[in-house]
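S.K.: Please see the structure below; I have some questions.
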Amino acid sequence: MDNEFIDISTSLKLQLGYGIGHILNDVCASLWFTYFLVYFKLVLEFSNVQSGTLMLVGQMVDALATPFIGYHSDHTDNFWSAKYGRRKLWHLFGTICVVTSFPFIFSECVGCSLTHRWAQMYYFAAFIVIFQIEWAAVQISHLSLIPELAQDDHTRTHLTAIRYAFTVFSNLLVYIATWIILHITGECDKKQVGPSDSWKFRHIVFIVMGVGTIASLLFHLSVKETQNARSRQVLIDAEESGAHNLFIRKPLLYQVAGVYMSTRLVVNLSQVLIPLYLHLTLGLAARALAAIPLALYIGSLTAAGFQRLAPRSFSRKINYFFGSTCAMAGFVWIYFGSDHNYKEYFIYLVALFIGFGGAVMLVTSLALTADLIGERTEASAFVYGLMSFSDKLSCGLAIALVQTYADGAESTYYRNALVWVCGVATITGLIFTLLLPKFQTDALVLNDGAADSNTEDATSAPIDNI
């Protein structure tokens, strides 16, 4: 089966084509995590509990949808999947629904803007549910292409780094567009965000989603999914070997999920809470809501280059330790920083630390997940779905819990929430990673009594860089 894999290391077109396939999802996720609470609390003037509840609804729907979509993505076998590719088919369906639902989330309630806030929540919740289900379809189908396009772990890490580099590009696009819109339409250096800025967020959404839609189209034109005989064979393999059940029964799955969940808590919650920390704790103007997240992702872009150039001798544990140390340094600095120089200058350095560290941690956790899957690509979407389930549910609950106690809290509330929640998650992820044993890609799922005798011939070289 080795010749079924595409030599992605020599195909620049395929690398770039794959990388841009998640830009639409990434710009939507950047807006969702960075500006959702800002928009609903400061622009639409929802309460902290109401805005937190809406975000929790979205995260829970996403969490529940991902394993379901992952399982059915692995088992899709029909005329259209045979012709187009099962992963790309799910990607296309999700893209269409994301484009038609997300703009309504960052717009005033159409025809109901004067109704009670709790009534408007049903309107926004409907679009949030549609968006989150289809966002998960794009995410899982795109991630599950990695083990199918690349065979060895170093190439998978390279492909994951390319994917994350475009994620960083997407976030940079969002923050640059936000800074430009806020800068040319008002006194962003002096004023804070308020209800009069609703149309600005709407324009930002249309601009970045336009770029994301074009990128998705180019992805579908440039990436050819391996299909036909191989696709049908892995479906047969999944049924015969019971790969999904074997993964569920392996404790290592849950340990890797712990790494991924903790990492996502660090990355996503820092993205959510930093704008509120800047606005409510430090009292910075609207410009900071774009400039400092921009610095955060410049740090992330640097990390993507670091991962690409890191020698093969660098183990997953060394990479994760280095990333978590950088992120933790940023959170400690936030806890103690408050003077004028910190607000004007050092806050950007703090953002670079957190962005760099979080990116290294995230790329490493995704590479660990690809290592966990190994040759068993028939269950890749299911495994990524389980990882995403733990991520989305934990993030949603954490954000809702933070927002529940935010009303009437002191100005330092978001500083403390950011430092303690993200700091504990960083330490937890590091502990999970350091406790990971060396494992073999196929031995994870195949060294089981239920496996057939043919598995003895499978490639099972140990992953020495764990």
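The values are calculated or read from the model by the stated rules, or taken from the named source; none is laboratory data. Remember, it's a predicted structure, so these values are computed and weren't measured experimentally. Glycine also receives a Cβ, built like all others from the backbone with ideal geometry; neighbour counts cover every protein chain displayed. Surface areas here come from the heavy atoms of the whole protein model, side chains and all, with no ligands, DNA or RNA. Shrake-Rupley method; radii C 1.70, N 1.55, O 1.52, S 1.80 Å.
S.K.: Between Phe68 and Asn341, what FRET efficiency follows from the Cβ-Cβ distance if R0 is 51 Å, with the result rounded to 0.05?
M.R.: Efficiency for this residue pair is about 0.50.
S.K.: Provide the per residue accessible area, probe 1.4 Å, for the stretch 11-232, rounded to a whole number of square angstrom.
M.R.: Heavy-atom accessible area per residue stands at 37 Å².
S.K.: Can you tell me which of 32-41, 429-438, 382-391 comes out highest on packing, and rank the rest after it, using the mean Cβ neighbours within 10 Å?
M.R.: In descending order of packing, they fall as 382-391, 32-41, 429-438.
S.K.: Among residues other than Val49 whose Cβ falls under 14 Å from its Cβ, what is the net charge (Lys/Arg +1, Asp/Glu -1)?
M.R.: 0
S.K.: Related question: Which one, Tyr35, Ile130, Leu217, projects farthest toward the positive side of the charge dipole computed for the stretch 11-232 from Cβ point charges (K/R +1, D/E -1)?
M.R.: With unit charges placed on the Cβ atoms, the residue in question is Leu217.
S.K.: Go from 0 up to the bin containing the longest alpha carbon distance in the stretch 365-418, width 5 Å each, and give me the % of pairs per bin.
M.R.: In order of increasing distance, the bins hold 4, 16, 19, 13, 11, 10, 10, 9, 6, 3, 1 percent.
S.K.: Same structure, new question: Enumerate the calculated ³J(HN,Hα) couplings along the stretch 255-264 in order (Karplus 6.51 cos²θ - 1.76 cosθ + 1.60, θ = phi - 60°), each rounded to whole Hz, writing x wherever the residue is Gly or Pro.
M.R.: 6, 5, 4, x, 5, 5, 4, 4, 5, 5
S.K.: Still on this model: Given the convex hull over the Cα atoms of the stretch 11-232, what projected area results after averaging over all orientations, in nm²?
M.R.: About 13.5 nm², averaged over all directions.
S.K.: Let me ask something else. Report ³J(HN,Hα) in whole Hz for each residue of the stretch 418-429, in order, from the Karplus equation J = 6.51 cos²θ - 1.76 cosθ + 1.60 where θ = phi - 60°; Gly and Pro get x.
M.R.: In residue order, the calculated couplings are 4, 5, 6, 5, 5, x, 5, 5, 4, 5, 4, x Hz.
S.K.: Can you give me the distance in nm between label points at Ile431 and Ala126, each placed 7 Å from the Cα along the Cα-to-Cβ direction?
M.R.: 4.5 nm
S.K.: Cβ neighbours within 10 Å, averaged per peptide: list 280-288, 246-254 in order, most packed at the top.
M.R.: Per-residue mean Cβ counts within 10 Å order the peptides as 280-288, 246-254.
S.K.: Continuing with the same structure: Just from the alpha-carbon atoms, what are the Rg and Dmax of the stretch 244-437 in angstroms?
M.R.: 17.4, 56
S.K.: OK, next. Given 0.36 nm per residue, what is the gain on full extension from Val332 to Ser113 after removing their alpha carbon distance, in nm?
M.R.: 74.7 nm
S.K.: Of the heavy-atom accessible surface of the stretch 11-232 (probe 1.4 angstrom), what whole percent is carbon and sulfur?
M.R.: Carbon with sulfur: 71 percent of the solvent-accessible area.
S.K.: Let me ask something else. Tell me the relative contact order for the stretch 11-232 as a rounded percent, counting alpha carbon contacts under 8 Å between residues six or more apart.
M.R.: Contact order relative to length: 42 percent.
S.K.: Of Lys200/Lys317; Lys13/Lys200; Lys317/Lys392; Lys41/Lys250, which sit over 32 Å apart, Cα to Cα?
M.R.: Long pairs (Cα-Cα over 32 Å): Lys200/Lys317; Lys13/Lys200; Lys41/Lys250.
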